[in-house]
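Worksheet: the structure to be examined is printed underneath.
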Amino acid sequence: MFGYRVPAPDEAMLISGGRRGLGGAPFRVVTGHGKFVLPVFRKVRFLTLSMCESEVTETCVTRQGIALHVRAVIAFKVGNDHESIINAGQRFLSDQEQMSVLTGRIFAGHLRAIIGSMTVEEIVTERQKLAAEVLDTSKTEMAKIGLIVDSLQIQSIDDGDTGYIDAMSAPHKAAIQRQAQIAQAQATQASVEAEQAAARKQAEYARQTAIVKAEYSAEVDRAQAQAGQAGPLAQAHAQQEVLAAQTELAQRQARLRQEQLVAEVVRPAEAEAERVRILAAAEAQRMKIQAEAAASYDRVALDRMLIDQLPQIVKEAAGGLAGANVNVLNGADGLGELAAGLVSQGLTILDSVRQNLNGNDQASDGERSGKSAVEGLLQLPTGKARKSDDGPVDVD
């Protein structure tokens, strides 16, 4: 539409003519929308709000007196508020390229001042601190001309031919080189170890493969051998089973024959032997009983004979005294004692004969022994006898 003007998004439209702008500015500021502008009566100019760049290359002297060549880049723009646009429009509207030139000069001055208060070590190791101090000191001046700084980057610091920075960095370089050599040696060692481990794994794999192949080959050989021996082995097993069955049958037949022999020969023989033993024992018992009965009969007969002969024994003893010289010391009493002694002597002879017969198993031997004893006792000694009235009979 005729007379309607719209600024770009990164521009500020400045309208001069007519009424004044904010704060008594000689123009009005329009951003972000359009506006009707009367031609001939109003004049429109545009101020860029886009990012601008300024490069600073300056030789600065440090607190140590060492000259450093510093290169820095400043990113800046016009502020978005009306005050900043008015300040920048009044200064740079006719020649907006001057914003970069003026900004570079301002930062070069502040950069020289800040570097002059620092050492080379601080500048090299603390570039961010240097940039922050430069921004803080230049912020006020930049605001006065309507500009704001987005960033300040120190791109390079060079001491020329003095070699101070190189000397300062030499220990670090040596340490870095040493670390690099150590890292390289470690990497080489790790690589060698990895190669050795890989070689060992390959050798182990080859060994296991050879073992598996050998096992497979042995298993195949065994299977083939077993297959070749299957027929003979089966036949041998069959023959072995036949022999085992025949052996077992023979053993059973032998046991049966043994049992038959026992039943036919041993058992009857044992029965016959038992019968003979029983008969022999019965015969021996019978003979023993008969012998004991005979011996008992002989003893009874002998006892009866001795009893029958006792008066004769006493008589013979008394008869023997008839021809003897006997002195009766105590008269009639002594003579009675002599007769009683004869009778007692006869009874003793009878008892002795019985004891001899009891200790002898044969009846005939006992009888002969008894008769001999009797005959011995019947032979009385012949001597002189004295008779006394007051004492016993004494035989010389």
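The values are calculated or read from the model by the stated rules, or taken from the named source; none is laboratory data. This one's a predicted model, so the numbers in the text were calculated from it and none came from an experiment. Cβ placement follows ideal geometry from the backbone for every residue including glycine, while neighbour counts extend to all protein chains displayed. All accessible areas refer to the heavy atoms of the entire protein, side chains included, with ligands and DNA or RNA removed. Shrake-Rupley method; radii C 1.70, N 1.55, O 1.52, S 1.80 Å.
Considering GLN177, GLN196, the condition of being surrounded by 10 or more Cβ atoms within 10 Å (Cβ to Cβ) and modelled with pLDDT of 90 or more is satisfied by GLN196 alone. Here is a list of conditions, (1) open to solvent by less than 60 Å² (accessible area, probe 1.4 Å); (2) at pLDDT 90 or above; (3) aliphatic (A, V, I, L, M), and ILE182 meets all of them except one; can you say which number that is? Result: ILE182 fails condition (1) only. Remark: SER151 falls outside the filter, which requires a residue to be polar (S, T, N, Q) and modelled with pLDDT of 90 or more. In the range 7-18, the qualifying residues are those that are at pLDDT 85 or above and part of a loop (DSSP other than H, G, I, E, B), and the one that is nearest to LEU49 (Cα to Cα) is ASP10. Candidates in the range 117-163 are the residues that are at positive phi and touching a residue at least 24 places away in the same chain (Cβ under 8 Å); of these, the one that is most open to solvent (accessible area, probe 1.4 Å) is GLY160.
Listed here are the strands (runs of 3 or more DSSP E) enclosed by the range 19-114 that have at least 1 residues being open to solvent by less than 70 Å² (accessible area, probe 1.4 Å) and within 28 Å of GLN153 (Cα to Cα): 43-48, 52-61, 67-78.
Residue count for the range 34-48, restricted to those that are of a type in the set (Val, Ile, Thr) and more than 14 Å from VAL6 (Cβ to Cβ): 2. Looking at ALA227, ALA295, ALA245, ALA210, just one residue is open to solvent by less than 100 Å² (accessible area, probe 1.4 Å) and in contact with a helix residue (DSSP H, G or I) (Cβ under 8 Å, 6 or more places away or on another chain), and that residue is ALA295.
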